[in-house]
Amino acid sequence: MSEPKPAQTITTNAEQPSNAYRNYVLFILTLVYAFNFIDRQIIGILSPFIKADLGLDDAQLGWLKGFAFALLYTVVGIPIAWLADRYNRVNIVSISLTVWSGFTAISGFASNFTQLAIARVGVGIGEAGGSPPSHSMISDLYNPSERAKALGIYSLGIPFGIMAAYFASAFFLQGGSTDWRTVMIAVGLPGVALAILMKLTIKEPQRTAVKSGPAQMRLKTAVSTLLRIPTWWGMCLGISFGSFGNYAIATWIIDFYVRIHPDMPVQTLLISFGIINGTAYALGVWLGGVIADSWGKRDRRAYAWLPTGAMIIGVPCFVLSLYVASPWVSLGLLTVLLFTSGMYLGPCFAIAQTLAPVNARAMSTALFFFVLNIIALGGGPTLVGIVSNAYTETMGSGEALRYSMTLLIVPYVLSILTFFWASITIKKDWAVAEKAQAA
């Protein structure tokens, strides 16, 4: 791939690309994001098989699912966002996709905990270059009144990626004809082909920028500016605490059903969760962006009110899903949580872009993801594994995991409270951002 060249900035009255091309770029970026979550989710789906093959305990699995991936994913995201605010974002995303897909395939050759942990760190490094440049490109292609919807569509990569990971696992594991290693290799390699397609068919979008002042904001200035915006913090912490629970569920739910509902065939579980994520979760993600943009035209507090109300509905259903006797009723209750929790993605990502200075949008997303993933991706799966492992001897592996997942009600309540806090400050902060961008 060619050496990235410094990005050129233009004024906000630049000619916009056609709707067809904008939609094509959004489709490819959404597909890239789907591969992001295929490679991120796959270890949680294959967890029972990896545990049995490598002889790991819940604490080790927790480190693999959470901290090993999140450590460099969060740290590397900041410098990559700095590059994305200055250099060719298409190149950055293409290279990153190649890296994380390659390390996912390499994971299939791991023979012990250490080797698999190193591969997961590699996946995390690659994925750090995915979302910040993508969010920045989308924000240059779509104006603020369309942004939550566009970012909501982009966020469909999450449920569709998870769905694809479940379906791929069900296909390759059918009848016990293959193992978890083959699945890792099979889901990793196609990402390299997508990276080539993206590089060949997408041009770097023109950047919108203010007519005066420095083209790009310095790193220290960008970070300090963003951290002084209360609503930015409220939405960031809201999605972080909510995702703490969601990441933990995504990476431990197959283990939970295998232990608590052992009579339910694994193949049925994989297909069921694939369908749930591809329908209910995807619908929630899409509706979250559409409703927020529509409702937000009348009252900007909608961008925070919608996640608050959705989580109030979904969290009790999740807790009930852990204790009902029927696995099918449990799946139904869990579906409600997935639908409602999907609604906060579009509004949160839109606010991260809308409140940020136009010359620090990639940095805003990177800092957003830094906080989000330190708390959620690093903490959720890891702490559930540690707590489960600590109580396994006294409670048994099934009840210990159920207890550790029940404790997720704490971060979910914190998510509701911080979203509500953001609803109090959002009108003032939005007005300040508009005034600064129009100056």
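Read the figures in this text as sums done on the coordinates, not as results from a lab. The model shown is predicted, which means the values in this text are computed figures rather than measured ones. Heads up, the Cβs are rebuilt from the backbone with ideal geometry, glycines too, and the neighbour counts pull from every protein chain shown.
Ignoring everything except DSSP H segments at least 4 long, calculate the 222 nm mean residue ellipticity for the chain; use -39,500 (n - 2.57) per segment, divide by total residues, nearest 500.
Helix-only estimate at 222 nm: -25000 deg cm²/dmol.
Which pairs, out of LYS220/LYS427; LYS203/LYS297; LYS149/LYS199, put more than 30 Å between their alpha-carbon atoms?
As for pairs spanning more than 30 Å Cα to Cα, those are LYS203/LYS297.
Taking the Cα centre of the chain as origin, work out the dipole magnitude from +1 charges on Lys and Arg Cβ and -1 charges on Asp and Glu Cβ, in debye rounded to 20.
1420 debye
Read through the labelled values (i) 100, 47, 46; (ii) 67, 61, 48; (iii) 64, 47, 37 and report the label of the one computed as Cα extents along the principal axes in Å from the structure.
Correct label, based on the coordinates given: (iii).
In straight Cα distance, which aspartates and glutamates are under 13 Å from LYS51, not counting same-chain residues fewer than 8 positions off?
Those aspartates and glutamates meeting the cut-off are ASP179, ASP255.
When the Karplus curve 6.51 cos²θ - 1.76 cosθ + 1.60 is applied with θ = phi - 60°, which whole-Hz ³J(HN,Hα) does each residue of the range 281-295 get, with x for Gly and Pro?
5, 4, 5, x, 4, 5, 5, x, x, 5, 5, 4, 5, 5, 5
Could you work out how far apart the two model spin labels at TYR403 and ILE95 are, taking each label as a point 7 Å from the Cα in the direction of the beta carbon, and quote it in nm?
Simple spin-label model gives 4.8 nm for this pair.
Where nothing but the Cβ of Lys and Arg (+1) and of Asp and Glu (-1) is charged, how large is the charge dipole of the range 210-369 around its Cα centre, in debye to the nearest 20?
Roughly 860 debye for the range 210-369.
Contour minus end-to-end for VAL192 and GLU393, with contour as 0.36 nm per residue of separation and end-to-end as the Cα-Cα distance?
Gain on extension, VAL192 to GLU393, equals 68.0 nm.
HN-Hα J couplings of the range 266-273 from phi, Karplus 6.51/-1.76/1.60, θ = phi - 60°, integer Hz, Gly and Pro as x?
4, 4, 5, 4, 4, 5, 4, 5
Search the structure for amide H atoms under 5 Å from the amide H of GLY129, placed 1.01 Å from N in the peptide plane, and list their residues when 5 or more places away or on another chain.
none
Subtract the Cα-Cα distance of LYS203 and ALA436 from 0.36 nm times their separation in residues, and report this length gain in nm to one decimal.
Roughly 81.0 nm would be gained on extension.
How far is helix 157-173 tilted, in degrees, relative to the longest principal axis of the Cα atoms in the chain, given as a value from 0 to 90 rounded to the nearest 10?
30 degrees
Write out the trypsin sites (Lys or Arg not before Pro) in the range 284-393 meeting two conditions: DSSP loop, and at most 14 other Cβ atoms within 10 Å of their Cβ.
The qualifying sites are LYS297, ARG298.
Any idea how far apart ILE185 and VAL75 come out in nm if each label point goes 7 Å out from Cα toward Cβ?
Reported label-point gap for ILE185 and VAL75 is 3.2 nm.
Inverting the mean 1/r over all pairs of different Cα atoms, compute the Kirkwood radius of the range 400-439 and quote it in Å.
When all Cα pairs of the range 400-439 are included, the Kirkwood radius is 12.6 Å.
Taking θ = phi - 60°, what integer Hz values does the Karplus form 6.51 cos²θ - 1.76 cosθ + 1.60 yield along the range 127-132, in sequence order, with x for Gly and Pro?
5, 4, x, x, 6, x
From the residues VAL90, LEU189, TRP328, which one has its Cα farthest along the dipole of the chain in the positive direction, the dipole being from +1 and -1 charges on Cβ of Lys/Arg and Asp/Glu about the Cα centre?
About the Cα centre, the residue reaching furthest to the positive side is VAL90.
Label-point separation (nm) for ASP53 and PHE109, each offset 7 Å from Cα along Cα-to-Cβ?
Label at ASP53, label at PHE109, 1.4 nm between them.
Amide H neighbours of TYR87 under 5 Å, at least 5 residues apart or on other chains, H built in the peptide plane: list them.
The list, which skips near neighbours in sequence, is ALA7.
Please rank ARG89, ARG228, ARG22, fewest neighbouring Cβ atoms within 10 Å first, as an exposure proxy.
Taking fewest neighbouring Cβ atoms as first place, the list is ARG228, ARG22, ARG89.
Among all stretches of the chain without exposed chymotrypsin sites (Phe, Trp or Tyr not before Pro) (DSSP loop, at most 12 other Cβ atoms within 10 Å), which one is longest?
With chymotrypsin sites (Phe, Trp or Tyr not before Pro) excluded where exposed in loops, the chain gives 110-322 as its longest stretch.
Along the charge dipole of the range 17-67, pointing to its positive end and built from +1/-1 on Cβ of Lys, Arg, Asp and Glu, which listed residue (LEU64, THR30, ILE50) has its Cα farthest out?
Of the options given, the answer is THR30.
About the Cα centre of the range 340-439, what is the dipole size in debye to 20, counting +1 per Lys and Arg Cβ and -1 per Asp and Glu Cβ, all else neutral?
With Lys and Arg at +1 and Asp and Glu at -1, about 360 debye.
Non-local amide H neighbours of ARG207 (under 5 Å, H modeled in plane, Pro and chain starts lacking H): which ones?
ILE10
Label 7 Å along Cα→Cβ of ASN143; the range 340-356 residues with amide nitrogen under 16 Å?
Under 16 Å, as judged by backbone N against the label point of ASN143, lie 354 of the range 340-356.
Towards the positive end of the charge dipole of the range 217-308, with charges on Cβ (+1 Lys, Arg; -1 Asp, Glu), say which of ALA304, LEU287, THR251 has the farthest Cα.
So the residue we want is ALA304.
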